[in-house]
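Participant: Next up is a structure, given as structure tokens.
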Amino acid sequence: MISEHDNTISSLPRSAPEAVGIDPEGIQKFIEEVNEKVGGLHGFMLLRHGSVAAEGWWTPFAPQYPHMLYSLSKSFASTAVGLAIEEGHFTLDSLVTAFFPEDLPAHIDANLAAMQVRHLLSMSTGHDTDATGNMHDDKDGNWVRGVLARPVELAPGSKFVYNSAATYLCSAIVQKTVGMTILDYLEPRLLAPLGIEGATWENCPRGINTGGWGLSIKTEDIARFGQLYLQKGVWNGQQLVPAAWIAQATSAQISNGDPAQTSDWSQGYGFQFWRGQHGSYRGDGAFGQYCVVIQEQDAVLAIQSGVSSMQAVLDAAWTHLLPAMQTAPIAPDSSVDLKNGELETTLSRLALPTLEGEPTSPRVEQMSGRTFLFDPENEPFIENNRDGDKEKIEALTLTFQDNSATLSLRDAHGEHKTACGIGDWIEGESHMIDYFVPPGARDGHVMSRGIWTADDTFSIQFCFYRTPYLLNFICKFDGDNIEVSRKLNVSFGATELPTLVGHLGS
């Protein structure tokens, strides 16, 4: 059950699932359902009674790679707020306007004047829609001023509206009062004691951690964080986070829907933590980043993924993992040993779905090394690229070697080459992701593989393994012409990108 990775002295303890009272068949069925319903995850860890009972990563994802958390970052930002309050820097009742006198609008209405830190944490700022877009409106890159300039339509505390700008203000408040970013502030107080190394956090233009997103850490780091909260802030005998803060942050502070619904997004919201079904609570982030604490079962579920249906993953956990947890260890017998052996085999073979095809084609010699030019009337590759302008691919060249291929794309920034294995993943760098994801998700690390899915079609899979994003890049050749179709696994916009049409250059 133990993965082949660096089990340092600070690694979490491992245990067979039956030793901590989990039927391995339930874990097996959980994996089967997420594979079927959402195409698999990127990595997961299931802890019970403080030990890792099951863990796995879908190749080419691996335990040593950090992964974007998106809004799961909010729960770490909330923890920084709790620690700053404990140290006396401010209180839950502190007025937001008091921290930023130089950034306030000319007119401060009653609702803005009444906004407190607690309203930022509970997503009840009084905005009737998410104010995150307003952060970018300030011409000087002053996100604080951009948010505060936004009208506050409702009385703070009166309505839940999910609002990443609120978390950014939390980050700005901590930085202003403690004199460092929340990442630097958390390093000696939380991250280092938990053994979390190499964490990074995206910054705003003025050097403030974005707060509501932008943190990248490993799967096991998420598990440690969840276990700390399950243990009411105690780690190795040290109280890292006040138990009272954890109780407050993870309890329902405001209603966010009908709790009678079978939705994990309507059970109430705390201080940057969601209440969930079955007495659980969690931090979560876009496209399937989870830190689920199941208090009644003394369990933690840490997941990193790139899925379009986040509820489907939690449903699989409630359907299979929850009933698999029993009150006492399961006595070993032939039946349990058989199920555990099946689970170990499954965990060792986890991998992203592959494209079926052939390693070569009669067209290889004809197409290798030849450059295709794209028509000017093609749709832009993206409308919000690195420079904020519309961008287009100007030319494409595919060059085939024995066991690999090199894709070369030319645009206004120059030529970008990425190698891909024929059928097998090759690790490399690519800035293609810059074209179709938010700036904070732009990570050049990529695993790539390609296959001939038809005699005239070469399909490449790009796995940006430190992010939720995968890209299928499909080149279909027709004489001297080429059609390139591109599909993302997940996106805040369209997943199907416009088809590019080109022709062989002279």
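The values are calculated or read from the model by the stated rules, or taken from the named source; none is laboratory data. Quick caveat, the model's predicted, so the values are computed rather than measured. Quick reminder, even Gly has a Cβ in these numbers, built from the backbone with ideal geometry, and neighbours come from all protein chains shown.
Participant: Show the residue pairs meeting these rules: Cβ distance below 9 Å; 6+ apart or different chains; first residue within the stretch 450-467 and farther than 22 Å from Ala62 by Cβ; second residue basic (Lys, Arg) and in a strand (DSSP E or B).
Facilitator: Matching pairs, first to second residue: Ala454/Lys476; Asp456/Lys476; Thr457/Lys476; Phe458/Lys476.
Participant: If Asp284 satisfies every condition in (1) touching a strand residue (DSSP E or B) at 6+ places or on another chain (Cβ under 8 Å); (2) without any contact (Cβ under 8 Å) to a residue 60 or more places away in the chain; (3) not polar (S, T, N, Q) but one, which is the exception?
Facilitator: For Asp284, the exception is condition (2).
Participant: For the stretch 441-499, which strands (runs of 3 or more DSSP E) that fit wholly inside it have 1 or more residues that are over 23 Å from Tyr290 (Cα atoms) and touching a Pro at 6+ places or on another chain (Cβ under 6 Å)?
Facilitator: Values: elements: 445-454, 457-463, 470-478, 481-488.
Once the strands (runs of 3 or more DSSP E) in the stretch 441-499 are filtered for at least 1 residues that are over 23 Å from Tyr290 (Cα atoms) and touching a Pro at 6+ places or on another chain (Cβ under 6 Å), what remains is 445-454.
Participant: Kindly check whether there is at least one residue in the stretch 129-150 that is surrounded by fewer than 22 Cβ atoms within 10 Å (Cβ to Cβ), β-branched (Val, Ile, Thr), closer than 27 Å to Thr250 by Cα and more than 24 Å from the chain's Cα centre (by Cα).
Facilitator: Among the residues of the stretch 129-150, not one is surrounded by fewer than 22 Cβ atoms within 10 Å (Cβ to Cβ), β-branched (Val, Ile, Thr), closer than 27 Å to Thr250 by Cα and more than 24 Å from the chain's Cα centre (by Cα), which makes the answer no.
Participant: Moving on to the next point. One residue is enough: does the stretch 22-42 have a residue meeting the conditions surrounded by 24 or more Cβ atoms within 10 Å (Cβ to Cβ) and either free of Cβ contacts under 8 Å to residues at least 12 places away in the same chain or closer than 22 Å to Val446 by Cα (or both)?
Facilitator: Yes: the stretch 22-42 contains one or more residues that are surrounded by 24 or more Cβ atoms within 10 Å (Cβ to Cβ) and either free of Cβ contacts under 8 Å to residues at least 12 places away in the same chain or closer than 22 Å to Val446 by Cα (or both).
Participant: Restrict the check to the stretch 27-49 and report whether at least one residue is in contact with a Ser or Thr (Cβ under 6 Å, 6 or more places away or on another chain) and either modelled with pLDDT under 95 or part of a strand (DSSP E or B) (or both).
Facilitator: yes
Here's the yes/no breakdown for (1) free of Cβ contacts under 8 Å to residues at least 60 places away in the same chain; (2) acidic (Asp, Glu); (3) outside the structural domain of Ile303 (by TED's automatic domain parsing):
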position	(1), (2), (3)
Phe99	no, no, yes
Asp103	yes, yes, yes
Ile108	yes, no, yes
Ala113	yes, no, yes
His119	yes, no, yes
Ser124	no, no, yes
Met135	no, no, yes
Val152	yes, no, yes
Ser158	yes, no, yes
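Participant: Just give me the residues in the stretch 99-135 being farther than 18 Å from Lys159 by Cβ and in contact with a Cys (Cβ under 6 Å, 6 or more places away or on another chain), in sequence order.
Facilitator: none
Participant: Now for a different question. Taking the stretch 121-178, which residues are farther than 17 Å from Ser94 by Cβ and charged (D, E, K, R)?
Facilitator: Selection gives Asp128, Asp130, Asp137, Asp138, Lys139, Asp140, Arg145, Arg150, Glu153, Lys159.
Participant: Show the residue pairs that are 6+ apart or on different chains and have beta-carbon atoms under 9 Å apart, the first residue being within the stretch 488-500 and closer than 21 Å to Pro353 by Cα, the second being in a strand (DSSP E or B) and among the polar types (S, T, N, Q).
Facilitator: Sorted first by the residue in the stretch 488-500, then by its partner, the pairs are Leu488/Asn472; Asn489/Asn472; Glu496/Ser485; Leu497/Ser485.
Participant: Considering only residues that are in a helix (DSSP H, G or I) and of a type in the set (Gly, Ala, Ser), look in the stretch 309-340 and name the one that is modelled with the lowest pLDDT.
Facilitator: In this case the residue turns out to be Ser334.
Participant: Please go through the stretch 255-287 and give me each residue that is buried (at least 19 other Cβ atoms within 10 Å of the Cβ) and not in a loop (DSSP other than H, G, I, E, B), ordered by number.
Facilitator: Tyr269, Trp274, Arg275, Ser280, Tyr281, Arg282, Gly283, Asp284, Gly285
Participant: Determine if the stretch 231-240 includes at least one residue that is closer than 22 Å to Leu92 by Cβ and not in a loop (DSSP other than H, G, I, E, B). Full working, then the answer.
Facilitator: First pass over the stretch 231-240, keeping only residues closer than 22 Å to Leu92 by Cβ: 232-233, 239-240.
Cutting the leftovers down to not in a loop (DSSP other than H, G, I, E, B) gives us 239.
Looking through the stretch 231-240, at least one residue is closer than 22 Å to Leu92 by Cβ and not in a loop (DSSP other than H, G, I, E, B).
Participant: Would you check if there is a residue in the stretch 83-92 being hydrophobic (A, V, I, L, M, F, W, C), closer than 26 Å to Ser308 by Cα and at pLDDT 95 or above?
Facilitator: No; the residues of the stretch 83-92 include none that is hydrophobic (A, V, I, L, M, F, W, C), closer than 26 Å to Ser308 by Cα and at pLDDT 95 or above.
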